[in-house]
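Shown next, in structure tokens, is the structure this report addresses.
The values are calculated or read from the model by the stated rules, or taken from the named source; none is laboratory data. Since we're looking at a predicted model, the values are computed, not measured. Because the Cβ atoms are built from the backbone with ideal geometry, glycine has one as well, and the counts that use them run over all protein chains shown.
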Amino acid sequence: MASEFLKNKWKLWFRTLDVKGTGKFSKDDEHMAEERYTGLIQTDPAHKAKVIKELQELTDEYYFGGKQDSITQQEFVDMQNEYYKAGKDSFIERMKNCFKKEIGIFDINGDGMMTRDSFVKASMGTGQDNTDLLNKFFQSLNPNADDKVPCKVLIDAWVFFTTNEDESVKDVIKESLEERL
């Protein structure tokens, strides 16, 4: 069973999904985020359809957990806890797969690097509009001279956030979400 510390981090994670702040992550939230994100990246219709399809597959598999319409914060936390109780190693692998898929969707040119612009647009797609805080977080990931961060850095940070129970270890995702949400 996961610690309360980890469960509280999953609650923070859920808040990034709950675009309307209703305490539920619904298909409406999903569609709102998809439309908002694809509008921000100003992509052609074929790429927009591909991105939406990939986001829907991701959310169905990792966020809705088989539910058809919506999931509450407690249901989301309970779902993560069930996966966690089944085995921490398999849960870590699940989170790696989740964030590889998710961050891969936002790696627009597929080079394995996340630009500041791509990161900000992906975050804004979920209703996080404070660009100062988004830029501050991106900077904490130590972007290179081209203002890019390897996608693996973001993936590893999210996996750490969703799986680490050691409160004494710095967690950049946790700190950023607490400041942004």
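Descriptive notes on the structure:
- Residue within the stretch 120-137 that is in contact (Cβ under 8 Å) with a residue 60 or more places away in the chain, among the aliphatic types (A, V, I, L, M) and closer than 21 Å to Asp28 by Cβ present: yes
- Residue match in the stretch 140-158 (condition: buried (at least 18 other Cβ atoms within 10 Å of the Cβ), within 17 Å of Glu4 (Cα to Cα) and not basic (Lys, Arg)): no
- Scanning the stretch 85-130 for residues that are surrounded by 13 or more Cβ atoms within 10 Å (Cβ to Cβ), part of a helix (DSSP H, G or I) and polar (S, T, N, Q) turns up Asn97, Ser118, Ser123.
- Exclusive hit being within 21 Å of Arg15 (Cα to Cα) and touching a Leu at 6+ places or on another chain (Cβ under 8 Å), set Lys67, Lys101, Lys96, Lys27: Lys101
- Residue check, Leu134 touching a helix residue (DSSP H, G or I) at 6+ places or on another chain (Cβ under 8 Å), farther than 18 Å from Lys9 by Cα and part of a helix (DSSP H, G or I): yes
- Hits in the stretch 120-136 (condition: farther than 16 Å from Thr38 by Cβ and either of a type outside the set (D, E, K, R) or at pLDDT below 90 (or both)): Gln128, Asp129, Asn130, Thr131, Leu133, Leu134, Asn135
- Candidate set: the stretch 58-70, residues that are at pLDDT 90 or above and among the polar types (S, T, N, Q); chosen: the one nearest to Gln128 (Cα to Cα): Thr59
- Some residue of the stretch 146-153 being at pLDDT below 95 and over 16 Å from the mean Cα position of the chain (by Cα): no
- Of the residues contained in the stretch 49-70, none is found to be touching a Phe, Trp or Tyr at 6+ places or on another chain (Cβ under 6 Å) and buried (at least 16 other Cβ atoms within 10 Å of the Cβ).
- The stretch 154-172, residues that are without any contact (Cβ under 8 Å) to a residue 24 or more places away in the chain and either among the hydrophobic types (A, V, I, L, M, F, W, C) or in contact with a His (Cβ under 9 Å, 6 or more places away or on another chain) (or both): Ala157, Phe160, Val169
- Residue match in the stretch 58-72 (condition: within 15 Å of the chain's Cα centre (by Cα) and over 16 Å from Ile105 (Cα atoms)): yes
- Remark: Ser123 matches the filter, which requires a residue to be closer than 18 Å to Glu54 by Cα and among the polar types (S, T, N, Q).
- Answer residue from the stretch 3-57, given it is part of a loop (DSSP other than H, G, I, E, B) and under 30 Å from Lys170 (Cα atoms) and is modelled with the highest pLDDT among those: Ser3
- Residue that is farthest from the chain's Cα centre (by Cα), among those in the stretch 159-174 that are of a type outside the set (A, V, I, L, M, F, W, C) and exposed (fewer than 14 other Cβ atoms within 10 Å of the Cβ): Ser168
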